[in-house]
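The values are calculated or read from the model by the stated rules, or taken from the named source; none is laboratory data. Just so we're clear, the structure is a prediction, and the values are computed from it rather than from any experiment. Quick reminder, even Gly has a Cβ in these numbers, built from the backbone with ideal geometry, and neighbours come from all protein chains shown. Accessible surface is based on the protein model in full, side chains and every heavy atom, while ligands, DNA and RNA are left aside. Shrake-Rupley method; radii C 1.70, N 1.55, O 1.52, S 1.80 Å.
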Amino acid sequence: MTKDMKNTFDPAKIIQLQALCAEARTIAVLSHTNPDGDAIGSGLALSAFLKRLGYDVRFFVPNHFPKFLNFIPGSGSVEIYSEACESAKPYIADADLIICSDFNEIGRLEKMTAAVEANVIAPRVLIDHHMSPPEYELSFSDTGYSSTSHMVYDLICAWRGTEAITHEIAVALYVGIVTDTGNLSYGNVTPGLYRAVAELVEKGAQPVEISKAVFNTQSESRLRMVGYLLSEKMKVDCDIHTAYITLTRAEKTRFNHQIGDTEGIVNMPLSIECINFSAMFIETLDCIKISFRSQGDFDVNLFAREYFNGGGHKNAAGGRYYGPMSEAVARFEEIIKTVHPEY
Ligand code: 5GP
Ligand code: MN
């Protein structure tokens, strides 16, 4: 197990998890809406590991994940609830064990929530690195981890040792780690994480190949959209160390927007010297989805919770606004006049 993490995966809890799995005929592994690399990587690795131990496991996410994740071995086995709820619903509702990976609020399962809530019998296990974990039968919750995939690495090692990390698991976990840490550059990048990554590389995860697949397979129209947003749509206010970008549905259409195309754009304004707080407002069919990022002490989890029905981590969070874009932005501008990150 990663040496410098606290005892999140102590032997007693691993034994408890083993007992829960041993008693389960069927296991549903679930991850959050708009699945990112960590959601898919952690869920795939966990389900591949449990399958190899002989369990009947299926892995579900509420909606589609970005195409660039298709190269992960086994990605074809991820079940998309919005596409196949007929088959997913009864499995989740009747599962003997539910494992929630990479999210801290049941609402992040969106339409899949009802299927989980219909299952009043199955114990729930949490494995997640967000703040404010729910009270489940068994929780592996630790905000000290920069990704849930790193947690799954430690969980598998605590359960079965590094021998249990197959090539398929190594690739899935490596993808989850690099996507949640901005290729090992954001917070909580510990020596232990590098040791875990070294082991994953030893097990066959190819850093150059994976970086290419994850970071350098964008479409031309996505790159042009980024150029347009930075040039025409980014508002910067150095006095309050804040920048934000808006993206409307019409602009998405103009740039042939595909799932995942907005990933990472919200981080870009943070590369401006005076900016410590960045927001991106994305118009969807039913709401304005907002991403928040910060560097340093400004807590965007608290900000998202307090003002925009959301949450997340201290330096990366999301929320939503139900109303037109203009109102969402006006509200944001009003709030940041008083609440803004100091140097
Ligand atoms: P993103 O901006 O990439 O959608 O999300 C950033 C982080 O905030 C992720 O860790 C995600 O799990 C979390 N997050 C995003 N939206 C929400 C939300 O509506 N509620 C909560 N609790 N967390 C969110
Ligand atoms: Mn994550």
Anything in segment 286-298 that is surrounded by fewer than 20 Cβ atoms within 10 Å (Cβ to Cβ) and either at pLDDT below 95 or part of a strand (DSSP E or B) (or both)? List them, or say none. 286, 295, 296, 297
Take residue 60 and tell me if it is crowded, with 22+ Cβ neighbours inside 10 Å, closer than 27 Å to residue 184 by Cβ, over 12 Å from the mean Cα position of the chain (by Cα) and of a type in the set (A, V, I, L, M, F, W, C). no
Under 28 Å from residue 309 (Cα atoms), away from ligand 1 (no atom under 16 Å from the Cβ) and in contact (Cβ under 8 Å) with a residue 24 or more places away in the chain: which single residue out of 40, 92 fits that description? 92
Just to be sure I understand the filter: pairs with C-beta atoms under 9 Å, separated by 6 or more residues or on different chains, first member in segment 115-137 and farther than 20 Å from residue 149 by Cα and acidic (Asp, Glu), second member outside any strand (DSSP E or B) and open to solvent by 60 Å² or more (accessible area, probe 1.4 Å). Which pairs pass? 137/16
Mind checking whether some residue in segment 194-204 is in contact with a Ser or Thr (Cβ under 9 Å, 6 or more places away or on another chain), closer than 28 Å to residue 290 by Cβ, assigned to a helix (DSSP H, G or I) and open to solvent by 30 Å² or more (accessible area, probe 1.4 Å)? no
Unmet requirement for residue 259, which otherwise passes all of (1) among the hydrophobic types (A, V, I, L, M, F, W, C); (2) open to solvent by 20 Å² or more (accessible area, probe 1.4 Å); (3) under 17 Å from residue 287 (Cβ atoms); (4) at pLDDT 95 or above: (4)
With respect to residue 69, is the statement that it is crowded, with 20+ Cβ neighbours inside 10 Å, within 16 Å of ligand 1 (Cβ to nearest atom), farther than 24 Å from residue 141 by Cβ and touching a residue at least 12 places away in the same chain (Cβ under 8 Å) true? yes
Considering only segment 107-185, give the helices (runs of 4 or more DSSP H) lying wholly within it that have at least 2 residues that are crowded, with 22+ Cβ neighbours inside 10 Å and within 17 Å of the chain's Cα centre (by Cα). 148-160, 167-180
Of the residues in segment 318-343 that are assigned to a loop (DSSP other than H, G, I, E, B) and within 17 Å of residue 236 (Cα to Cα), the one that is least open to solvent (accessible area, probe 1.4 Å) is 341
So residue 320, is it in contact with a strand residue (DSSP E or B) (Cβ under 7 Å, 6 or more places away or on another chain), under 24 Å from residue 143 (Cβ atoms) and within 16 Å of ligand 2 (Cβ to nearest atom): no
